[in-house]
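Comments concern the structure below.
The values are calculated or read from the model by the stated rules, or taken from the named source; none is laboratory data. It should be emphasised that the depicted structure is a prediction, and the values quoted were computed from it without experimental measurement. Reconstructed Cβ throughout: ideal geometry from the backbone, glycine too, with neighbour counts over all protein chains shown. Heavy atoms of the whole protein, side chains included, go into the accessibility calculation; ligands, DNA and RNA do not. Shrake-Rupley method; radii C 1.70, N 1.55, O 1.52, S 1.80 Å.
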Amino acid sequence: MTPEENFMRKIEAEEKIEPKDWMPDTYRKNLIRQISQHAHSEVIGMQPEGNYITRAPSLRRKAVLISKVQDEAGHGLYLYSAAETLGISRSEMIEALQTGKAKYSSIFNYPVLTWADIAAIGWLVDGAAIVNQVSLQRTSYGPYSRGMIRICKEESFHQRQGYEAMLALAKGSPEQKAMAQDALNRFYWPALMMFGPHDSESAHSQKSMEWKIKRETNDDLRQKFIDQTVPQIEVLGLEHPDKALKWNEERGHYDSSDLNWDEFWSVINGNGHCNRQRLEHHIAAHDEGEWVRDAITAYNEKKRAKKAQNAA
Amino acid sequence: MSVTEKLELFEVFVRSKRGLDHKHVGSLHAEDHEQALEYARDCYTRRSEGVSIWVVKSADICASQEDDADCFYDPSDDKPYRHATYYVLPDPVNNM
Ligand SMILES: [Fe+2]
Ligand SMILES: [Fe+2]
Ligand SMILES: [Fe+2]
């Protein structure tokens, strides 16, 4: 059996591919692209939520938000580490992010205007991420799959805390309810875009499906999210933003409006409200953190010298 | 050279329960074994997912071609809000 045949045998038998296994170069490249993009999304996603830690409406909400942001940092680390098993370094990935060579989820380029947006992000953005990540638990690359299983376990509170905060607003004063509705109206569509372009437009989809990097198509995952969100909006007592939404008995799914794909591509290509700001902030934070990394190195060198001295 | 290049890469293994084997959970950069152990605790055991951690220098691993997995530890009892069950939601949407 050739290495290539053995690789395909494992894929077909639902066996995981591990770092030291032989794999086609394009499989490796595809994975590096997808995993690093996923890692960057976790990290950039901390910015809008981090901005609201000082403005959370209660101590409880503040503690919850800190916990969530802390988890997202952890998710970034899990994913960067998984990508590193494929032979790319952390600094190469960060460089690719900062020079715009690597992408991150477009959802984080939409502005966050009110506390209700933070609630909507937990509920809808993490909710959409979970649908995708649940599917990726079965991805063929071992380290990515294990990272996803861990992340999914941690994610469930993210969506629930967001929905709970949304529920508090939706059942609150008329002003609060209006805030909740406004946040839903603005975040619903970009959340649907998180699943990526239609399968027919998706450059990487087919090979990724063959190699079981991806297990379900963009459109199937999006449909799952559309369906599960309908009763959640009903319980909130809010209006559904999609006026064309309609149950299709035959398909067993909701039919819905098509998305604004011009907006999708425009935001991906750097023209969203916050693209520039997000990257500038990441670069500034990275540069301003240089002294911390230097201090770690200096401290470690001192410790090493001390150890050597003691040993002498 | 960036700090991650100066530090060593360690593989982290966590035993979730006595009687079970240590499982691979991931890797991290650290200066030495002691520091790797502390980082592993902070990074991989925020939800009492383990009773014991191993850290091994990645360069010291001689690998046959096989698997790993995940788990954890560290009492975060004063942070119940990290758990999904902390959030009470109406029945029709409680499956989220
Ligand atoms: Fe996420
Ligand atoms: Fe996350
Ligand atoms: Fe999350």
message: In chain A, if the dipole is taken from +1 on Lys/Arg beta carbons and -1 on Asp/Glu beta carbons about the Cα centre, which of A:311, A:48, A:296 is farthest to the positive end?
response: A:311
- request: Work out, step by step, the length gained on full extension between residue A:228 and residue A:138: first 0.36 nm times the residue separation, then minus their alpha carbon distance; give nm to one decimal.
  value: 30.3 nm
- request: Can you sort A:157, A:108 by 1.4 Å-probe accessible area, starting with the largest?
  value: A:108, A:157
- prompt: Which of the GluC sites (Glu not before Pro) across segment A:1-74 are loop residues per DSSP, with 16 or fewer other Cβ within 10 Å?
  reply: A:14, A:15
query: Rounded, prolate or oblate: which fits segment A:193-285 when a ≥ b ≥ c are the square roots of the eigenvalues of the alpha-carbon gyration tensor, with rounded for a/c under 1.5 and prolate only if a/b beats b/c?
result: oblate
- line: Charge dipole of the protein assembly as shown built from unit charges on the beta carbon (Lys, Arg +1; Asp, Glu -1), centred at mean Cα; most positive-end Cα among A:136, A:202, A:120 is A:120
query: Normalised by the residues of segment A:3-260, what does the relative contact order come to in percent, with Cα pairs under 8 Å and at least six apart?
result: 19 percent
query: Suppose R0 equals 30 Å; then what is the FRET efficiency for residue B:91 and residue A:245 from their Cβ-Cβ distance, rounded to the nearest 0.05?
result: 0.85
statement: Carbon and sulfur atoms account, in whole percent of the 1.4 Å probe accessible area of chain A, for 55 percent
- prompt: Using a 1.4 angstrom probe with every protein chain in place, what is the largest-first accessible-area order of A:152, B:62?
  reply: B:62, A:152
query: Accessible area, 1.4 Å probe, largest first: how do A:306, A:214 sort?
result: A:306, A:214
- prompt: When you count, for each residue, the other Cβ atoms within 10 Å and take the mean per peptide, how do A:270-277, B:22-29 rank with the highest first?
  reply: B:22-29, A:270-277
- request: Name the shape class, rounded, prolate or oblate, that the alpha-carbon gyration tensor gives for segment B:1-60, where a ≥ b ≥ c are the square roots of its eigenvalues, rounded holds for a/c under 1.5, and otherwise prolate holds if a/b is larger than b/c and oblate otherwise.
  value: prolate
statement: Sorted on mean Cβ neighbours within 10 Å (highest first), peptides A:215-223, B:52-60, A:125-133 come out as A:125-133, A:215-223, B:52-60
- prompt: So what is the 222 nm mean residue ellipticity for the protein assembly as shown from helices alone, if each DSSP H run of at least 4 adds -39500 (n - 2.57) and you divide by all residues, rounding to the nearest 500 deg cm²/dmol?
  reply: -17000 deg cm²/dmol
field: Distance between modelled label sites at residue B:5 and residue A:265, nm, 7 Å Cα→Cβ extension
entry: 3.8 nm
message: Tell me whether the protein assembly as shown comes out rounded, prolate or oblate; compute the Cα gyration tensor, take square roots of the eigenvalues as a ≥ b ≥ c, and use a/c under 1.5 as the rounded threshold.
response: prolate
field: Only Lys, Arg (+1) and Asp, Glu (-1) charged, at Cβ; the protein assembly as shown dipole about Cα centre in debye
entry: 920 debye
query: Which helices, taking whole DSSP H runs in chain A, have alpha carbons extending 24 angstrom or more along the helix axis plus mean Kyte-Doolittle at least -1.0?
result: A:25-44, A:59-84, A:142-170, A:174-193, A:218-236
- prompt: Could you give the accessible area per residue of segment A:3-260, probe 1.4 Å, as a whole number in Å²?
  reply: 40 Å²
field: Shielding by partners - mean other protein chain Cβ count within 10 Å, residues of A:297-304
entry: 3
query: Rounded to a whole number, what is D in µm²/s for segment A:33-99 from Stokes-Einstein with the Kirkwood radius over alpha-carbon pairs (37 °C, 0.692 mPa s)?
result: 258 µm²/s
message: Before we go on, tell me the buried accessible area for the A/B pair, both chains summed, 1.4 Å probe, in Å² to the nearest 100.
response: 3600 Å²
field: Per-residue SASA entry for residue A:171, accessible area with 1.4 Å probe, Å² rounded to 10
entry: 130 Å²
